[in-house]
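A short reminder: the numbers here are calculations on the coordinates, not readings from a lab. As the structure is a prediction and not an experimental result, all values here were calculated from the model. Reconstructed Cβ throughout: ideal geometry from the backbone, glycine too, with neighbour counts over all protein chains shown.
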Amino acid sequence: AAERRHAVHVEHVEAAHAQHAIGQRRCVGGGGGGGSGEQQRAAALQALRRTDAVLEPSVAAHLKAFTSLGGEPVDAVEALSDNYRGYPQMCNLLCRLIRIIDNAALSDGDDSDRSDDDDDDDG
């Protein structure tokens, strides 16, 4: 049961990552002609302002696009740092805690069975 809950949590995290990555790809180079340099820079900055964008594989492309189109590096750093939440790390931590709790519950059950058996042998 614990493994199934963990697998479900992992699936949810992976699905969220996949949807976020699709949104990222739409902002960088996914729109055909792309519009003016200012519009492209604004789109790249918007992608950098997404929650946890710093964790995305496409962050380097967004940074390059933003700065090559005249964006200030300090604005990019501010966008990334202001919107960092660490949701994937929190999900991983929660999954580990669930595993620890499940293992503790299982081992507590095993220990109580063993202590009962030991008591019966002693007396």
Q. Say each of SER36 and LEU97 gets a label point 7 Å from the Cα, pointing the same way as Cα to Cβ; how far apart are those two points in nm?
A. 4.9 nm
Q. Could you work out Rg/(2.2 N^0.38 Å) for segment 67-106, with Rg from alpha carbons only?
A. 2.06
Q: Work out how much length TYR87 to SER68 would gain on full extension: take 0.36 nm times their residue separation and subtract the Cα-Cα distance, in nm to one decimal.
A: 3.9 nm
(Q) Give me the one-decimal Kirkwood hydrodynamic radius in Å for segment 43-88, with the sum taken over alpha-carbon pairs. (A) 10.2 Å
Q) Counting Lys +1, Arg +1, Asp -1, Glu -1, what net charge surrounds GLY70 among other residues with beta carbon under 15 Å of its beta carbon? A) -1
Q | Net charge of Cβ neighbours under 12 Å - reference SER81; Lys, Arg +1; Asp, Glu -1 | A | -2
Q | FRET efficiency estimate (nearest 0.05) - Cβ-Cβ, THR51 to ALA105, R0 41 angstrom | A | 0.75
